[in-house]
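> Here's a structure for you.
The values are calculated or read from the model by the stated rules, or taken from the named source; none is laboratory data. Owing to the predicted nature of the structure, the values given are computational and were not obtained by experimental measurement. Note that we place each Cβ from the backbone using ideal geometry, even for glycine, and neighbour counts take in every protein chain shown. Accessible surface is based on the protein model in full, side chains and every heavy atom, while ligands, DNA and RNA are left aside. Shrake-Rupley method; radii C 1.70, N 1.55, O 1.52, S 1.80 Å.
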Amino acid sequence: LSGRVPLDLEYIMSRIEVSISNNFLTGELPSFSERGSDIFSHDQTDVRIDRIDLSSNRLRGWIPSGFGEMITLRHLKLSHNMLSGTIVDLGNLTSLESLNLENNKLVGSIPRTLPSSLKSLDLQNNKLVGSIPRTLPSSLKILDLRNNKLVGS
């Protein structure tokens, strides 16, 4: 695949798993909430997205805040793109088990509130600053923060 991320990605994303990795998709991630979509409704009967993998493309721009409202999302992989900006608030993602944002251009700090269900967090090779959160989820088994500008122990 090549070109921009389809604006009607909401239709595609009504399916359980979305994997469009290792393509040549360009542009910014669609911001569903700005377009008036109810795909990010807090009613779990409306949203059944388990996994999103848009890794290894040429996506740029910020991660839309709507990703932080996908309460049934368990796996999010946006690695190996050119995403910038800060990491969205993940506190509402009570089902999230793995988050892979490695090899982007993300800035700011690691969110202070991480889902208690999180088992794997990969933020290596970004431009994150600040300290490593003192409280990490007890479920966390994999934590990769290499090649950032973090401080602490």
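> Asn125: open to solvent by 30 Å² or more (accessible area, probe 1.4 Å) and under 13 Å from the mean Cα position of the chain (by Cα), yes or no?
Values: open to solvent by 30 Å² or more (accessible area, probe 1.4 Å): yes; under 13 Å from the mean Cα position of the chain (by Cα): no.
No; evaluated as a whole, the condition is false for this residue.
> Pairs, please: C-beta under 8 Å, at least 6 apart or cross-chain, first residue over 19 Å from Gly130 (Cα atoms) and in region 87-103, second at pLDDT below 90 and among the polar types (S, T, N, Q)?
Final answer for the pair search is Ser95/Thr72.
> Checking the conditions here, which among Lys119, Lys77 is within 20 Å of Ile16 (Cβ to Cβ), out of contact with any Phe, Trp or Tyr (no Cβ under 8 Å at 6 or more places or on another chain) and buried (at least 18 other Cβ atoms within 10 Å of the Cβ)?
Working: Lys119 fails: buried (at least 18 other Cβ atoms within 10 Å of the Cβ).
After ruling out the rest, the residue left standing is Lys77.
> Can you confirm whether region 89-98 contains a residue that is surrounded by 20 or more Cβ atoms within 10 Å (Cβ to Cβ), modelled with pLDDT of 95 or more, among the small types (Gly, Ala, Ser) and under 12 Å from the mean Cα position of the chain (by Cα)?
no
> Across region 99-115, what is the number of residues that are surrounded by fewer than 18 Cβ atoms within 10 Å (Cβ to Cβ) and modelled with pLDDT of 95 or more?
If we filter region 99-115 for residues that are surrounded by fewer than 18 Cβ atoms within 10 Å (Cβ to Cβ), which is where we start, we get 105, 107-109, 111-113.
Next, only the ones that are modelled with pLDDT of 95 or more stay: 105, 107-109.
The qualifying residues number 4.
> Filtering region 53-72 down to residues that are open to solvent by less than 10 Å² (accessible area, probe 1.4 Å) and modelled with pLDDT under 90, which residue is nearest to Thr113 (Cα to Cα)?
Gly68
> From Leu136, Leu143, which residue is open to solvent by 30 Å² or more (accessible area, probe 1.4 Å) and modelled with pLDDT of 95 or more? Give the steps one after another, and end with the answer.
Values: Leu136 fails: modelled with pLDDT of 95 or more.
Going through Leu136, Leu143 in turn, the sole match is Leu143.
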